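Here's the structure, in structure tokens; my notes come after.
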Amino acid sequence: KERTKHSLQITTMPSLSKTLLLGASVVNVASATTDAQSQFFNNLAEHLESLPHSRLLSESDVPSLAPTYAGSVKDASQTSSMVKVSGFEVYSETVSMRVVQTLERLPFNGTDNQLNMSTILAVNKSYLILSERCQPLPDEDKFAPMYGWLKYAKNLGNMTIDDRACTSYGLTVPTENVSLALCIDAETGRLPVSFNVTSPLYQTKSIYGADIHETLTSSDEALLQIPDQCLEPPPICDGGEVTELDVYIFHPANQFDLYNEDVADLLGDTAFICSDAASGHTDSDAYEWVSRYSLQVWSGWGDYGECNRPSPHEEGVCISFEDYAVGREASFGLKPKGGQCVDNSDIGSWYSLPKDGMCQNDTQTLGPKGDGNCSWRVVEKLKTINGTCLLKDQGMLNSCLSETSLPFKKTQYVLFNAFNETDPAKGGCPDISK
């Protein structure tokens, strides 16, 4: 189960970049790795290639969009659990890079609950920078020119968006129920004003600011550099030892594998569940049950991984430099360097459990990587409850909404009682796995 959702590009097609299908929106990483998604893109490429030549715009009518531009951008669709406060994009076909910076606010009160995020899409490798921490994006998330599809588009006429005149071009893909629309500044004919994508899986609506410009400034060009921190993984935390963790996970029904998954302590999972439920993502994420586990781990913490299952019963995929050590961060990464090596008891901790670090038997030694060691093992699954009992019957959702802000110290007791009490009158939920 992923703990944060990111701006992602997916893969490259010759005629239609998959970048455009996401724009600057925030998309669940899981949706970017499904077979169905891959099939969607294949069908889309085939559809464009099969269009009759008569469907192409005449060469003189194809918009000549600028190969480079930079400026502010806002997401008007707000389809994620985080709200974009502001954004800035630098796009360059010249150096084959696209950088999107966003300031995003969690669905809680308070300016402290904001995250600075940068997505760097390059031709060979791409990265996400969050809370001073850089993480590699999947290999398929790379730069590709965004507007090759315009030669198949239809001129939809003139519009005015945010008091700016623009000419709209659209393309509909009936086989996939997808529509694309790009409105190009009427004055220059070269700069985007808005870019919309509508599909069954997601929707984006990006609106560019009046400050958008074609000639990149020195500060724009500085953003088109991959920071040194992205070129090597962060070090493992000092002072590792064998320790026990009491963790929780909100997960699909009947899915109990923990490798390549994210788990959290009591306060950390309270924060996650409040965010997921309050933003209406619980159903779409297929989370139905909540389980509590006792783990043994080696506490030489590594880089936290954003882990997701492409579908409820497929193996998880993690975004991280780390493939062995248990990853750790503060809830939502709201600490310097994500909170990997610091005290997070005030807002809770999240942990990632890489498959390659999982102990294969009870005799394998917990320790640093090497010498046949492992980094984590399940001691016991303590209890599993139905999410409906927790969120509705015992009132956790209402408690989240009334408390409104991290660290949800009152709401954590709703989660605690659901697992530690058996009597519903005392806040307990039944163990559905027995």
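Computed over protein heavy atoms with a 1.4 angstrom probe, the accessible surface ordering of 392, 426, 381, 151, largest first, is 392, 426, 151, 381.
Under 5 Å between amide hydrogens, built in the peptide plane, is the criterion, and for residue 73 it picks out 87, 88, 89, 209 among residues at least 5 positions away or on other chains. In a simple Cβ point-charge model (Lys, Arg +1; Asp, Glu -1; nothing else charged), the stretch 226-265 has a dipole of about 160 debye relative to its Cα centre. In summary, the aspartates and glutamates within cross-link reach of residue 381, defined as a Cα separation below 18 angstrom excluding same-chain residues under 8 places away, comprise 244, 246, 257, 261, 262, 265, 269, 288, 362, 421, 431.
Computed from backbone phi, the HN-Hα couplings of the stretch 348-355 come to x, 10, 10, 10, 10, 10, x, 4 Hz, rounded to whole numbers (Karplus: 6.51 cos²θ - 1.76 cosθ + 1.60, θ = phi - 60°; Gly and Pro given as x). Students often get this wrong, so check it: of 383/409; 125/355; 125/337; 151/205; 355/392, which have C-alpha atoms separated by over 25 Å? Over 25 Å Cα-Cα: 355/392. Could you tell me whether the stretch 331-397 comes out rounded, prolate or oblate from its Cα gyration tensor? Rule is a ≥ b ≥ c as square roots of the eigenvalues, rounded for a/c under 1.5, then prolate if a/b exceeds b/c, otherwise oblate. In terms of gyration-tensor shape, oblate. Round to a whole number: what % of the accessible area of the stretch 186-319 belongs to carbon and sulfur, probe 1.4 Å? Carbon and sulfur together cover 48 percent of it. Each Lys and Arg contributes +1 and each Asp and Glu -1, all at the Cβ; summed about the Cα centre of the stretch 213-308, the dipole is approximately 240 debye. Distant-in-sequence amide contacts of residue 289, defined by a placed amide H-H separation under 5 Å and a gap of 5 or more residues or a different chain, comprise 251, 253, 387.
The mean accessible area for residues of the stretch 317-393, using a 1.4 Å probe and ignoring ligands and nucleic acids, is 44 Å² per residue. Using a probe of 1.4 Å on the protein chains alone, the accessible area found for residue 413 is around 130 Å². The GluC sites (Glu not before Pro) of the stretch 223-329 meeting both criteria, a DSSP state outside H, G, I, E and B (loop) and at most 14 other C-beta atoms within 10 angstrom of the site's C-beta, are 241, 314, 315.
Ranking 423, 75, 393, 163 from most to least accessible surface, computed with a 1.4 Å probe over the protein chains only, gives 163, 393, 423, 75.
The values are calculated or read from the model by the stated rules, or taken from the named source; none is laboratory data. Note that the structure is predicted; figures quoted are calculated from it, not measured. Note: ideal-geometry Cβ built from the backbone for every residue, glycine included; neighbour counts use all protein chains shown. Side chains included, ligands, DNA and RNA excluded: accessible areas come from the protein's heavy atoms. Shrake-Rupley method; radii C 1.70, N 1.55, O 1.52, S 1.80 Å.
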